[in-house]
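Engineer: Got a structure for you, questions after.
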Amino acid sequence: MSKKDENSLDDTLPHQASAPSWKGTGISMQKPFINEHGVVIGDSFYDSKQSPLNKWSDEIDPAIMSGDQWVHPTNDIGWNTSENRELIESKKKPEGFPFTHPDKDAGYGQD
């Protein structure tokens, strides 16, 4: 398995039981990235030495871990919600594409 595919299998996240499949959506799985705090986001290990979670104390404001720099575009637990799964499913072409029309029955009255 190449470095690109080490966390995915056929555009899915097999390590997350409820993770949606990105296959057929036109959206590519994104690689992990390092945010401005030096924490790796999207590697599925959730354990960077620089993570505030590894240095937690009463003095750390939880707001430090809010914002887009803590969210991976394709490998985030938030995609497992039913609402977000619907967003992904809506981007997939209907089965039978390109021979079907999304809102017309081309065979109506032909039988």
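The values are calculated or read from the model by the stated rules, or taken from the named source; none is laboratory data. Just so you know, these numbers come straight off a predicted model, no measurement behind them. Counting neighbours? That spans all protein chains shown, and the Cβs are built from the backbone with ideal geometry, glycine included. For the accessible areas, the whole protein counts, side chains as well, though only heavy atoms, and no ligand, DNA or RNA atoms are used. Shrake-Rupley method; radii C 1.70, N 1.55, O 1.52, S 1.80 Å.
Engineer: Loop-only chymotrypsin sites (Phe, Trp or Tyr not before Pro) in the range 8-88, please: DSSP not H, G, I, E or B, and at most 14 other Cβ atoms within 10 Å.
Structural biologist: PHE45, TYR46, TRP56
Engineer: How much accessible surface area, in Å² rounded to 10, belongs to the heavy atoms of LYS93 with a 1.4 Å probe?
Structural biologist: Near enough 130 Å² of accessible area.
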